[in-house]
Amino acid sequence: MSVFRVLTLACVVAAVTVATGATPMPRVTGADAAAVSRAAREVADREPGWRRAARMQFPGDRWSQDDAFHNVEQNAVRMQAARAGVSVGELFDALDRELRAHAGGHLMQAVPCKPRPFYD
Amino acid sequence: MAPGWLASLQRLCDRRDARLALFALLALATCWPILEQAANFNEFRDAQVLFSYERDAVASVREYGELPLWDPSYCGGLYALGTPQSRFASPFFLLSLLFGAQRAAPLITFLLLMLGMEGMFRVARPHSPGAIGPLLVAPLLALQGMFAVSYFNGWVNFFGFELLPWVVVGVAAAGRGERRGVVITALSFATIVGFGGTYAGPLAALLACAEGLAALASARALRVRLVTSLKYLSLAALLSAGASLFRLWPVYETLTTSHRIMAGTPGHTLSNLGAALTLPAEVMRGNVSFHGAYFFPCLLIVFAPFALARRRGALWLGLAALSLWAATGYGLGDSPFTWLRQLPLFHMIRYPERFLFVFALYAAAASALGLEILLHRFRGRAWASVVVLVALGLGGLGVRAEVRNFRHVTEGMWLAPPPIAESRPFRQARGNRWALGYFGPLSRGSLSCWEAYPVPESPLLRADLPAEEYFADPAVGSVRRLSWSPNRLLLDVEARVAGRLRINQNYHVGWRTDVGEVVNDAGLLTVDVPAGHRQIALRFLPRSAVGGGLAALVALLVMLGLWRRGAPRRLARRRYVDALLVSAPLLVALGVRALMPQPAPSPAPVTNADGSLALLERVPDDATPVGARFAEPVELEAVTLPAGVDDVGNARLQLFFRIHGQVSRDVGIFVHFDGRGRVAGDHQTVAASYYFADLPEGTLVRDAFSVNLRDLGRGPVSVHMGLWRVGGDGTRVPVVDAGRAELRDDSLELGSFDVR
């Protein structure tokens, strides 16, 4: 085997080794279940205001309204998660439970995807 | 300096093992930061969706032992193979299966960078007197700034662009009458298509056409019979089509059932494009700047003018100029981009700047050729050494800048720890497409949906059901889930009478049942079941997946046969054998289409942005007749004025247009709401779905839209509308008959309402 082939192989092995051995960033943990539920409720409670703002931002455009709402929601979830010391996924899961338990006042149906004709 | 070292360098550059070692080193140096971050999660919004497609596909295979045909986790369920941007239908998916979707992404990137470099070398080398130029430009193309941006955004599927040079290599070889060229073309094209090449696929077809024509033109010079060249190019096209059917067929099905309009006139000035090509990229507020988005510091371009000495060089420079022009889009008026958009496949292409990659490819090839022509002229002279040293310096500087750019951009990525995972019974959640990657690992679907096309999504989907399978009428009976996987459901059904069973996922014609009948109920997957107690199995097996998959398998066998020299050569002695071989995948697909029954997919109804139907049989009874006609063949038949504004100040207007002939492309609608000030509701697309020009004669279309009138305050608001030319001089289209409306300056006064 030529030195070049060895070098190529070494690069491939190095790439695989680095990728498979990479350590993930530490995940935030430690919040109790009550704190997680509270954080989820706080996000859920703000839905009507965010929906209203989205309706003003995209009059008559149902999908864009829903999409704009979800953008605000995900930002809030991330902030609440950081504040409450809980992972983002955990808080989204808690939000799902919260919405199921108290569905009133929340939009729980699909809003079919209809991308806008213009983005430029 | 002795010219001997140059000869050694040329020989070294031509050694494949030496080249690959260099390319591997460069790819490793480029990818090192992303390899180190392989365990972390890209939070960028597009990455959330595109990564989830790959993750869900891996989960299908690893957790359920199924092919990733149906993705239940997004938008209420979609045909995974038919979603143009998913990338799992390619050989690189094996890495995702082996290492997981997360860690495989940088490894796939690493491999594709290497492949891109080798491909570019092979594009330039056959036309260059030496190998130094091709070797120097190869990394410049493969490390182009577009790939840094693509990785940042999570567009791993955009690394399919790295395979474009291979399409050119394959077509060129096929044009020379080489069977291997047929195989390379088909394999690279199918991989691009399977890897989610929404842009790379159409561009590959363009490059193949250009190279095919060039090959035909130069056949005589290469002492290849024109017929032979034409034959092998045709074989390459046929086999490419057959080998790509596994993806083209499902994607075609998807796109023909969901109407999408790409409106607007995207364009760039030459200075914008110059900034995209010449400046390093910056990460600003979570996005990568447009300048540097196609960073291509190919200083070797100083040698490109020398390429004009050869026809091939002139061709490459011409194609580079054409690509640059195409990249301006509508920015300088018409361009190749605007012409291409008239074609069936290309009308879906939104961003003209992606032609900058094609520009880079041809510019790099011309630079390599120019350098080699110059070296050839200086053969045996000391000047040759000087030129090579300068070229090495310029090439090295360019590559260094690109590696730094890639690392700089990807180090600015918004990363997070990998999401928590929990294996539990699947159910739909409201979800969030901006953070989609968090839901799949939790065994939750996301009804919140975004895609580049209107995903057929049922409004009956819910995120608060006690069970995902249920009877529309609970009195009919009860349902219990026995087993669940993405492509297969086993249900225990107790029906007192015949009734409709609902599954909280979208309908698709590929769903089949062993009992009753699968029905499309407002886009929801439902089954009409007979009375009785029984188990019902539902499985997802669309004809396009079976036919396309079998065609791809046959294509692979044909490729193996063509690649090997023995048997095919003997076979080829018989006429038409090659043609029959490469047609086999298409014939197999046709056979499956004929033998496997499946209902025809029905297009989802086209709606306005507010969900109301766009195309109507007749004007609703509550609309006010107008009967106004314009100088274009459009009639405003009726209108429904707002009764007022809602709680946030939105007013909804409906205009009912009848089309009486072919309307010009540039006609748009202006609408003015005049109260204590003016609010405009101008728009170019009708019902947020069509240009007027797209609508056939006789069509009645409802254009329903809303505007926010908070700024007008309280009081009467009058509504005026008309048509105008969005492009060109921007003038109003004359009104030839105002009907029942008042007319002023080619603007119809439709009436007024009060804002309270």
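The values are calculated or read from the model by the stated rules, or taken from the named source; none is laboratory data. Remember, it's a predicted structure, so these values are computed and weren't measured experimentally. Cβ atoms come from the backbone with ideal geometry, glycine included; neighbour counts cover every protein chain shown.
Take the conditions under 21 Å from the mean Cα position of the chain (by Cα), over 22 Å from B:GLU43 (Cβ atoms) and either of a type in the set (A, V, I, L, M) or in a helix (DSSP H, G or I) (or both) and apply them to A:GLU98. Does it pass? Talk me through it step by step, then tell me what you get.
Values: under 21 Å from the mean Cα position of the chain (by Cα): yes; over 22 Å from B:GLU43 (Cβ atoms): yes; either of a type in the set (A, V, I, L, M) or in a helix (DSSP H, G or I) (or both): yes.
Considered against the rule, which asks whether it is under 21 Å from the mean Cα position of the chain (by Cα), over 22 Å from B:GLU43 (Cβ atoms) and either of a type in the set (A, V, I, L, M) or in a helix (DSSP H, G or I) (or both), A:GLU98 comes out as yes.
Does region B:61-75 contain any residue that is of a type in the set (Asp, Glu) and assigned to a loop (DSSP other than H, G, I, E, B)? Walk me through it before giving the result.
Here is the first cut: in region B:61-75, the ones of a type in the set (Asp, Glu) are B:63, B:66, B:71.
Then keep just the ones that are assigned to a loop (DSSP other than H, G, I, E, B); that gives B:66.
Taking every residue of region B:61-75 in turn, at least one turns out to be of a type in the set (Asp, Glu) and assigned to a loop (DSSP other than H, G, I, E, B).
With respect to B:VAL736, determine if the residue is assigned by TED's automatic domain parsing to the domain that holds B:VAL626, closer than 28 Å to B:ASP621 by Cβ, surrounded by fewer than 17 Cβ atoms within 10 Å (Cβ to Cβ) and of a type outside the set (Gly, Ala, Ser).
yes
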Since B:LEU94 meets every condition but one in (1) surrounded by fewer than 24 Cβ atoms within 10 Å (Cβ to Cβ); (2) touching a residue at least 40 places away in the same chain (Cβ under 8 Å), which condition does it not meet?
-> (2)
Take the residues in region B:30-60 that are hydrophobic (A, V, I, L, M, F, W, C) and outside any helix (DSSP H, G or I), then tell me which one is farthest from the other protein chains (Cβ to nearest Cβ).
-> B:PHE44
From the options A:LEU99, A:LEU107, A:LEU91, residue that is out of contact with any Pro (no Cβ under 7 Å at 6 or more places or on another chain), closer than 23 Å to B:GLY440 by Cα and more than 8 Å from chain B (Cβ to nearest Cβ) | A:LEU91
Checking A:ALA31 against (1) surrounded by 15 or more Cβ atoms within 10 Å (Cβ to Cβ); (2) within 11 Å of chain B (Cβ to nearest Cβ); (3) in contact (Cβ under 8 Å) with a residue 12 or more places away in the chain; (4) not in a helix (DSSP H, G or I), which single condition isn't satisfied?
-> (2)
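Of the residues B:GLY370, B:GLY329, B:GLY380, only one is within 14 Å of another protein chain (Cβ to nearest Cβ) and either crowded, with 20+ Cβ neighbours inside 10 Å or touching a residue at least 12 places away in the same chain (Cβ under 8 Å) (or both); which? It would help to see each step written out before you state the result.
On the way: B:GLY370 fails: within 14 Å of another protein chain (Cβ to nearest Cβ); B:GLY380 fails: within 14 Å of another protein chain (Cβ to nearest Cβ).
Of B:GLY370, B:GLY329, B:GLY380, the one residue that is within 14 Å of another protein chain (Cβ to nearest Cβ) and either crowded, with 20+ Cβ neighbours inside 10 Å or touching a residue at least 12 places away in the same chain (Cβ under 8 Å) (or both) is B:GLY329.
Here's the yes/no breakdown for (1) in contact with a helix residue (DSSP H, G or I) (Cβ under 6 Å, 6 or more places away or on another chain); (2) at pLDDT 95 or above; (3) in the same structural domain as B:LEU141 (by TED's automatic domain parsing); (4) surrounded by 22 or more Cβ atoms within 10 Å (Cβ to Cβ):
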site	(1), (2), (3), (4)
B:PRO280	yes, yes, yes, no
B:PHE295	yes, yes, yes, yes
B:CYS298	yes, yes, yes, yes
B:ASP334	no, no, yes, no
B:ALA365	yes, yes, yes, yes
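Within region B:13-29, does at least one residue satisfy the condition of being more than 14 Å from chain A (Cβ to nearest Cβ) and at negative phi? If you could, list the steps in order and put the result at the bottom.
In the first step, residues of region B:13-29 are kept if they are more than 14 Å from chain A (Cβ to nearest Cβ); the result is none.
Looking for residues that are more than 14 Å from chain A (Cβ to nearest Cβ) and at negative phi, one finds none in region B:13-29, hence no.
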Only one residue in B:LEU239, B:LEU222, B:LEU248, B:LEU216 is under 28 Å from B:LEU135 (Cα atoms) and not in a loop (DSSP other than H, G, I, E, B). Which one?
-> B:LEU216
Taking region B:257-275, which residues are away from chain A (no Cβ under 13 Å), surrounded by fewer than 19 Cβ atoms within 10 Å (Cβ to Cβ) and in contact (Cβ under 8 Å) with a residue 60 or more places away in the chain?
-> B:THR269, B:LEU270
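Please state which one of A:ALA19, A:ALA15, A:ALA94 is in contact (Cβ under 8 Å) with a residue 24 or more places away in the chain and either in contact with a strand residue (DSSP E or B) (Cβ under 9 Å, 6 or more places away or on another chain) or buried (at least 17 other Cβ atoms within 10 Å of the Cβ) (or both). Break it down stepwise before answering.
Working: A:ALA19 fails: in contact (Cβ under 8 Å) with a residue 24 or more places away in the chain; A:ALA15 fails: in contact (Cβ under 8 Å) with a residue 24 or more places away in the chain.
Residue meeting the stated conditions: A:ALA94.
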Among the residues of region A:36-75, which ones are more than 8 Å from every other protein chain (Cβ to nearest Cβ) and among the small types (Gly, Ala, Ser)?
-> A:SER37, A:ALA39, A:ALA40, A:ALA44, A:GLY49, A:ALA53, A:ALA54, A:ALA68
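Given the condition β-branched (Val, Ile, Thr), modelled with pLDDT of 90 or more and over 30 Å from A:ARG116 (Cβ atoms), answer yes or no: does some residue in region B:339-361 qualify?
Step one: of region B:339-361, the residues β-branched (Val, Ile, Thr) are B:349, B:358.
Filter once more, so that each one left must be modelled with pLDDT of 90 or more: B:358.
Of the ones still in play, those that are also over 30 Å from A:ARG116 (Cβ atoms) are none.
No, region B:339-361 has no match at all.
Can you go through A:VAL16, A:VAL72 and tell me which one is within 16 Å of the chain's Cα centre (by Cα) and among the β-branched types (Val, Ile, Thr)?
On the way: A:VAL16 fails: within 16 Å of the chain's Cα centre (by Cα).
Just one listed residue meets the conditions, A:VAL72.
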Looking at region B:2-32, which of its residues are closer than 25 Å to B:ALA382 by Cβ, out of contact with any Gly (no Cβ under 6 Å at 6 or more places or on another chain) and not basic (Lys, Arg)?
-> B:ALA2, B:GLY4, B:TRP5, B:LEU6, B:ALA7, B:SER8, B:LEU9, B:LEU12, B:CYS13, B:ASP14
Can you tell me which of B:LEU50, B:LEU69 is assigned by TED's automatic domain parsing to the domain that holds B:MET114 and either modelled with pLDDT under 95 or under 15 Å from the mean Cα position of the chain (by Cα) (or both)?
-> B:LEU50
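Yes/no matrix, rows are residues, columns are (1) under 30 Å from A:ARG78 (Cβ atoms); (2) of a type in the set (S, T, N, Q); (3) surrounded by 18 or more Cβ atoms within 10 Å (Cβ to Cβ); (4) at pLDDT below 95:
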residue: B:LEU447; (1), (2), (3), (4): yes, no, yes, no
residue: B:PRO456; (1), (2), (3), (4): no, no, yes, yes
residue: B:GLU469; (1), (2), (3), (4): no, no, yes, no
residue: B:LEU489; (1), (2), (3), (4): no, no, yes, no
residue: B:GLU494; (1), (2), (3), (4): no, no, no, no
residue: B:LEU501; (1), (2), (3), (4): no, no, yes, no
residue: B:ASN504; (1), (2), (3), (4): yes, yes, yes, no
residue: B:TRP511; (1), (2), (3), (4): no, no, yes, no
Which residue, of B:SER218, B:SER128, B:SER150, B:SER229, is surrounded by fewer than 24 Cβ atoms within 10 Å (Cβ to Cβ), in the same structural domain as B:SER385 (by TED's automatic domain parsing) and more than 30 Å from B:LEU586 (Cβ to Cβ)?
-> B:SER150
Failed item in (1) of a type in the set (A, V, I, L, M, F, W, C); (2) within 14 Å of another protein chain (Cβ to nearest Cβ); (3) buried (at least 21 other Cβ atoms within 10 Å of the Cβ); (4) assigned to a loop (DSSP other than H, G, I, E, B), with B:VAL648 passing the rest = (3)
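Sort out which residues of region B:743-756 are outside any strand (DSSP E or B) and within 27 Å of B:VAL648 (Cα to Cα), and write them in order of number.
Going residue by residue through region B:743-756, those that are outside any strand (DSSP E or B) are B:745-746, B:756.
B:ARG756 - this is the single residue of region B:743-756 that is outside any strand (DSSP E or B) and within 27 Å of B:VAL648 (Cα to Cα).
Residues that are of a type outside the set (Ser, Thr, Tyr) and modelled with pLDDT under 95: find the strands (runs of 3 or more DSSP E) completely inside region B:651-742 holding 1 or more of those. First the steps, then the outcome.
On the way: elements: B:667-675, B:677-680, B:700-708, B:715-725, B:735-737.
Qualifying strands (runs of 3 or more DSSP E): B:667-675, B:677-680, B:715-725.
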Hey, any hits in region B:313-323 for a residue that's in a loop (DSSP other than H, G, I, E, B) and not assigned by TED's automatic domain parsing to the domain that holds B:ALA688?
-> no
So, of the residues in region B:605-642 that are crowded, with 21+ Cβ neighbours inside 10 Å and among the small types (Gly, Ala, Ser), which turns out to be nearest to the other protein chains (Cβ to nearest Cβ)?
-> B:ALA609
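Which one is nearest to the other protein chains (Cβ to nearest Cβ) among residues in region A:79-88 that are part of a helix (DSSP H, G or I) and in contact with a helix residue (DSSP H, G or I) (Cβ under 6 Å, 6 or more places away or on another chain)?
A:VAL88
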